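Written out below as structure tokens is the structure these notes cover.
Bear in mind these aren't lab numbers, they're just calculated from the coordinates by the rules spelled out. Quick caveat, the model's predicted, so the values are computed rather than measured. In this analysis, Cβ positions are derived from the backbone assuming ideal geometry, glycine residues included, and neighbour counts consider all displayed protein chains.
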Amino acid sequence: GPLSERRLMDVRLGELPAWLATCDFSPQGLLGGVQKAWSNYYDKYINVKRGGPAGISMLLAGYCLLSYGWNYQHISKISFLVSV
Amino acid sequence: MNLSFFDQFTSPSLLGIPLILLAMLFPALLIPMPDNRWITNRFSTLQSWFFHLITKQLMMPLNKNGHKWALILTSLMAFLLMINLLGLLPYTFTPTTQLSMNMALAFPLWLATLLMGLRNQPSISLGHLLPEGTPTPLIPALILIETTSLLIRPLALGVRLTANLTAGHLLIQLISTATTTLLPIIPSVSLLTALILLLLTILEVAVAMIQAYVFVLLLSLYLQENI
């Protein structure tokens, strides 16, 4: 289909700049993008007939990684060789 | 330097955005909105069952007027439960370890129950300050004691939650530091410490759930007296 209506996973690498140009980067647009991404994830992994712990575990693992990245500067200052 | 153990409780921020914002918004993702299907996915079904259980438990001792509080009490319970449990994952931040947040939750809700009681049934609310059957000479002292205990309730609510979670996280950090430090020196003692750490983690999961429950239960009790 036309470039602006394809999802990110369906866009080929060479077409990426062109696809980015068609994106809406206003606050409503970004919020709509986040909402679309979340509902795609939810419908694919959690909102299924016979779901298991996998969908939520991936979400929690992503949250842990994000938290790690968020406090990286703080954590990197702890030295494990300091004796009390 | 032991002071570094308390660094886990400073509120970290990246590019000026504090992590507490992410930590408070994330539970919203884990509680999906029920869509209009008869049979929802397993996750939603489990959650609806759980929330019905909580709401039924909380609302049983309350009269009809108290049922207006169902939404706020159940959502408070879900919020605290999610936040406490998510705080046990590695590298995450637990907002309820901050006294400011717990006082912000406890104080307005307690004050609301108190003001409702004083407004709708003032004599009954004031009557709670004197237990039945006290001997007459003790009445002034008892009224002072009961007033103090009434006024200290929000402080107790907030500090209880903060202290329990903070102490738990601190213990986990201390014992895991001990385990890793002892590993090259005496592996057997390190194994024992690792076992203690496992038991402590199970305790912390229980404490996280119990503390959330106790907070909301006490608020519903204060509501019961005043409504």
Exercise. When you look at B:L30, is it more than 10 Å from every other protein chain (Cβ to nearest Cβ), aliphatic (A, V, I, L, M) and under 24 Å from A:S57 (Cα atoms), yes or no?
Worked result: no
For this session: Would you point out which residue out of B:I83, B:I72 is among the β-branched types (V, I, T) and farther than 15 Å from B:V205 by Cα?
Result: B:I72
Exercise. Which of the residues belonging to the range B:33-84 are buried (at least 16 other Cβ atoms within 10 Å of the Cβ) and within 14 Å of chain A (Cβ to nearest Cβ)?
Worked result: B:T40, B:N41, B:R42, B:F43, B:S44, B:Q47, B:M82, B:I83
For this session: Give the residue, chosen from B:P12, B:P18, B:P90, that is under 16 Å from A:C64 (Cα atoms), buried (at least 17 other Cβ atoms within 10 Å of the Cβ) and at the interface with another protein chain (Cβ under 10 Å from one of its Cβ atoms).
Result: B:P12
For this session: Would you mind stating whether A:R50 is more than 30 Å from B:T10 (Cα to Cα) and within 14 Å of chain B (Cβ to nearest Cβ)?
Result: yes
Seminar exercise, completed: Only one of (1) more than 8 Å from chain B (Cβ to nearest Cβ); (2) aliphatic (A, V, I, L, M); (3) surrounded by 13 or more Cβ atoms within 10 Å (Cβ to Cβ) does not apply to A:M9, and that is (3)
Problem set entry | Qualifying positions in the range A:28-51 - surrounded by 11 or more Cβ atoms within 10 Å (Cβ to Cβ) and touching a Lys or Arg at 6+ places or on another chain (Cβ under 8 Å) | A:N40, A:G51
Exercise. For the subset of the range B:93-147 comprising residues that are in a helix (DSSP H, G or I) and touching a His at 6+ places or on another chain (Cβ under 9 Å), which member is surrounded by the fewest Cβ atoms within 10 Å (Cβ to Cβ)?
Worked result: B:E146
Exercise. With respect to the numbered conditions (1) closer than 29 Å to B:L21 by Cβ; (2) within 14 Å of chain A (Cβ to nearest Cβ), which one is the sole condition not fulfilled by B:T96?
Worked result: (2)
Exercise. What is the number of the single condition among (1) in contact (Cβ under 8 Å) with a residue 12 or more places away in the chain; (2) under 25 Å from B:S176 (Cβ atoms); (3) assigned to a loop (DSSP other than H, G, I, E, B) that B:I83 does not meet?
Worked result: (3)
